[in-house]
Amino acid sequence: RGKDEKYKVRMPKFRVAREYKDKRRSIDDGERNIFKFKKSREEKSKKMEKEEKLFRETFMYDKEIRVLATATAERSVPSQRRADLPVTAGEQLDVIDAARGHAVICRNAQGRYGYVLVEHLNFR
């Protein structure tokens, strides 16, 4: 053994009460959850930006995205085409633009855009 190891002082492990350990763990877990929440919010905003970019390319939409109205889907409708937005009954949608006669461009809570028929929406 080297000379440094010979004079090394060993520190004894102190016993910590189990209750104190549990409290400390719960505080640490709470702080960790906050950081995970912030991270997921950042991931969500990146996903929303990606969806918006895809929407602008697909629909060739160069105007400012403004919410004209809020509507609720009356029934579940699967998407027939790529440009259609699949909706579920009771889902809240933001109406972005009334592009065609009987269809409007909507955005759902996940940030996806697409056409939805007016007959499937309930405006308040």
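The values are calculated or read from the model by the stated rules, or taken from the named source; none is laboratory data. Computed from a predicted structure; not experimentally measured. When we count neighbours, we look across all protein chains shown, and the Cβ atoms used for this are built from the backbone with ideal geometry, even at glycine. Ligands, DNA and RNA are excluded from the accessible area calculation, which covers all protein heavy atoms including side chains. Shrake-Rupley method; radii C 1.70, N 1.55, O 1.52, S 1.80 Å.
Restricting to the stretch 100-124, what's the tally of residues that are assigned to a loop (DSSP other than H, G, I, E, B) and open to solvent by 60 Å² or more (accessible area, probe 1.4 Å)?
Residues in the stretch 100-124 being assigned to a loop (DSSP other than H, G, I, E, B) and open to solvent by 60 Å² or more (accessible area, probe 1.4 Å): 7 in total.
Is it the case that G90 is at pLDDT 85 or above and either part of a helix (DSSP H, G or I) or open to solvent by less than 70 Å² (accessible area, probe 1.4 Å) (or both)?
Considered against the rule, which asks whether it is at pLDDT 85 or above and either part of a helix (DSSP H, G or I) or open to solvent by less than 70 Å² (accessible area, probe 1.4 Å) (or both), G90 comes out as yes.
Yes or no: the stretch 53-70 includes at least one residue that is in a strand (DSSP E or B) and at negative phi.
There is at least one residue in the stretch 53-70 that is in a strand (DSSP E or B) and at negative phi.
Scan the stretch 62-78 residue by residue and report those that are closer than 19 Å to K47 by Cβ and exposed (fewer than 14 other Cβ atoms within 10 Å of the Cβ).
The answer is V67, and nothing else.
Does any residue in the stretch 94-119 that is modelled with pLDDT under 90 and among the acidic types (D, E) come within less than 7 Å, Cβ to Cβ, of a residue that is buried (at least 18 other Cβ atoms within 10 Å of the Cβ) and in a strand (DSSP E or B) six or more places away or on a different chain, and which pairs are these?
D97/V104; D97/I105
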